[in-house]
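Below is one structure; the comments refer to it alone.
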Amino acid sequence: ILNVEQSPQSLHVQEGDSTNFTCSFPSSNFYALHWYRWETAKSPEALFVMTLNGDEKKKGRISATLNTKEGYSYLYIKGSQPEDSATYLCAPIETSGSRLTFGEGTQLTVNP
Amino acid sequence: NAGVTQTPKFQVLKTGQSMTLQCAQDMNHEYMSWYRQDPGMGLRLIHYSVGAGITDQGEVPNGYNVSRSTTEDFPLRLLSAAPSQTSVYFCASSYVAGIWETQYFGPGTRLLVL
């Protein structure tokens with residue numbers, strides 16, 4: 001079982017603020033990393049799948065970077081909106097590649 | 001496509017009862033998995049399957065059985081329900097050729113064991 005840490009656990013920002021949070025994972029045996037967005041009372045939805053060191057992915061105002069050598073990924077949200085309020089989960093995969101291990105998530109609340 | 005469907009949406013059981021949570025997908029995905037979500041613990045993997053006839057244990061398999069007789073269906077069986085199994089259960093699927101592919105989640109089944 002991978003040791004996956006996400007920080008902070010929760011975050012409150014004002015509408016229009018930019019924010020970022022971290023996913024840390026063991027750098028050895030890294031294979032890929034997933035980011036998911038999970039709104040209350042809904043199912044998790046995929047944001048990004050990242051595999052290469054230095055990868056940067058972008059989807060609208062949300063972007064993510066990956067550092068496999070030091071074992072972390074950052075998720076950035078530019079100009080947060082209330083609809084961005086959700087829990088953001090990361091899930092790294094080891095080279096054995098048979099399953100995801102989810103972090104506990106960062107719960108983001110964007111106040112109007 | 002209906003995507004990933006789960007039934008029931010909500011269930012109340014008494015301790016010791018058994019039941020099956022149903023999961024089906026119509027995307028011809030090889031990889032399917034079951035997670036439970038508990039407060040403060042995120043999503044934890046119960047069992048997964050990389051194709052019909054193949055299943056394996058995740059982090060928290062005790063008290064649960066699975067089978068994969070078809071590509072479409074991946075039912076989760078609670079053999080003798082316990083209050084500790086009160087949780088929200090999510091089924092997910094993806095194209096196998098690896099779980100580096102996007103996981104598609106079902107809507108969840110909320111289970112209460114009294």
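Calculated from the alpha-carbon coordinates, the stretch A:18-104 shows an Rg and a Dmax of 12.7, 38 Å respectively. Antiparallel beta bridges, as assigned by DSSP with both residues in the stretch A:16-112, represent about 100 percent of the total such bridges. Only four residue types carry charge here, +1 at the Cβ of Lys and Arg and -1 at the Cβ of Asp and Glu. Report the dipole size of chain B about the Cα centre in Debye, rounded to the nearest 20. The calculated dipole for chain B is roughly 460 debye. Sorted ascending by nearby beta carbons within 10 Å, beginning with the fewest, A:Glu94, A:Glu5 become A:Glu5, A:Glu94.
Run the paramagnetic zone check for B:Asp56: 7 angstrom along Cα to Cβ, then residues of the stretch A:12-50 with backbone nitrogen under 19 Å. Once the point is set 7 Å along Cα→Cβ of B:Asp56, A:26, A:28-34 turn out to lie under 19 Å by backbone N, inside the stretch A:12-50.
Working note: Karplus 6.51/-1.76/1.60 with θ = phi - 60° gives the stretch B:9-16 the couplings 7, 8, 8, 10, 10, 9, 3, x Hz, where Gly and Pro are set to x. Give, as a single signed number, the net charge of other residues whose beta carbon lies under 9 Å from the beta carbon of A:Ala64, with Lys and Arg counted +1 and Asp and Glu -1. With Lys, Arg at +1 and Asp, Glu at -1, the neighbours total +1. Pairs of Lys residues in the protein assembly as shown are counted when their Cα atoms are under 15 angstrom apart and they lie 8 or more places apart or on different chains; the count is 4.
The numbers here are math on the coordinates, done by the rules we state, and not lab data. Every value quoted in this text rests on a predicted model; they were computed, and no experiment measured them. When we count neighbours, we look across all protein chains shown, and the Cβ atoms used for this are built from the backbone with ideal geometry, even at glycine.
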